[in-house]
1. When the stretch 29-47 is examined, which residues are found to be closer than 22 Å to Gly134 by Cβ and not charged (D, E, K, R)?
2. Just give me the residues in the stretch 64-73 being of a type in the set (Gly, Ala, Ser), assigned to a loop (DSSP other than H, G, I, E, B) and under 11 Å from His20 (Cα atoms), in sequence order.
3. Among what's in the stretch 146-188 and is modelled with pLDDT of 95 or more and among the polar types (S, T, N, Q), pick the residue that is farthest from Val36 (Cα to Cα).
4. Is it the case, given these coordinates, that Thr58 is surrounded by fewer than 19 Cβ atoms within 10 Å (Cβ to Cβ) and under 21 Å from Phe146 (Cα atoms)?
5. Looking at Val125, Val115, which is the one that is modelled with pLDDT of 95 or more, surrounded by fewer than 19 Cβ atoms within 10 Å (Cβ to Cβ), over 19 Å from Asp13 (Cα atoms) and in contact with an Asp or Glu (Cβ under 8 Å, 6 or more places away or on another chain)?
6. Which is surrounded by fewer than 20 Cβ atoms within 10 Å (Cβ to Cβ) and within 19 Å of Thr179 (Cβ to Cβ), of Ser82, Ser130?
7. Starting from the stretch 145-163, keep only residues that are in contact (Cβ under 8 Å) with a residue 40 or more places away in the chain, then list their pairs with residues that are among the β-branched types (Val, Ile, Thr) and crowded, with 20+ Cβ neighbours inside 10 Å whose Cβ atoms are within a distance under 6 Å, requiring at least 6 positions of separation or different chains.
8. With the requirement that a residue be among the hydroxyl-bearing types (Ser, Thr, Tyr) and without any contact (Cβ under 8 Å) to a residue 40 or more places away in the chain, what does the stretch 127-144 give you?
Amino acid sequence: MLALSAPASAHFDATDRYTHRACPATAANRVDPVNVVFHGWGTWGRAASQIEAHAGWTATTGSSQAFADHGSCYALHAQRASGTGSRFHVRVRGQHPDVALGWTATGDAHHEDLVVFPVPCGHAVDSNGSGGSGFDQGRDELRDRFAAAGHGWYRVWWGNTQSFRQCDGDYAGSDGWTTFIELHQANH
């Protein structure tokens, strides 16, 4: 199911739309755009297990980041990746329940390359380009995997388009769309 846009719930505010290097969450320590929201039965544990089941992302390595929620800042709950080298990766933080959306968890899905030449620096999100950035690619990969497994989804314009310098010197930013993916009560 696709609706080009749907009304965003009051559950999220503008501070919720990026991950951060550490707490407190400030504009100066933003790292990644939040570009996926799991809702319905979107607890962080269910989101992580469904990412494993539908996308096959079972690796749990990656750097720690913090998520903002209504003026407070919290560590991530889980992360899943498609491997350890060049890979798809997402960090997940469970949020509180919402009257309209049910339980929610947010994530920063992206595709990143392991940079080893000329100087090893770790993972760098794919730069902005005609196919979208690594943030757009990761979000769309999760959306497609969940849609193929029968999960409804829609997009909301969050406008979180800030580009971030990656360790390889390139810049990557989201196109500003966030995908909302419905999780079912029963695992399947």
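The values are calculated or read from the model by the stated rules, or taken from the named source; none is laboratory data. Source: prediction; values computed, not measured. Note that each Cβ is placed from the backbone with ideal geometry, even for glycine, and that neighbours are counted across all protein chains shown.
1. At the first step, the residues of the stretch 29-47 found to be closer than 22 Å to Gly134 by Cβ are 29-38, 47.
The answer is Asn29, Val31, Pro33, Val34, Asn35, Val36, Val37, Phe38, Ala47.
2. Going residue by residue through the stretch 64-73, those that are of a type in the set (Gly, Ala, Ser) are 64, 66, 68, 71-72.
Imposing the further condition that a residue be assigned to a loop (DSSP other than H, G, I, E, B) reduces the set to 64, 71.
Scanning the stretch 64-73 gives a single hit, Ser64.
3. Gln166
4. yes
5. Values: Val125 fails: surrounded by fewer than 19 Cβ atoms within 10 Å (Cβ to Cβ).
The conditions single out Val115.
6. Working: Ser130 fails: within 19 Å of Thr179 (Cβ to Cβ).
The unique qualifying residue is Ser82.
7. From the stretch 145-163, the pairs are Phe146/Ile181; His151/Ile181; Trp153/Thr179; Trp153/Ile181; Arg155/Thr179; Val156/Thr178; Trp158/Thr178.
8. To start, the set of residues in the stretch 127-144 that are among the hydroxyl-bearing types (Ser, Thr, Tyr) comprises 127, 130, 133.
If the condition is that a residue be among the hydroxyl-bearing types (Ser, Thr, Tyr) and without any contact (Cβ under 8 Å) to a residue 40 or more places away in the chain, then Ser130 is the only one that fits.
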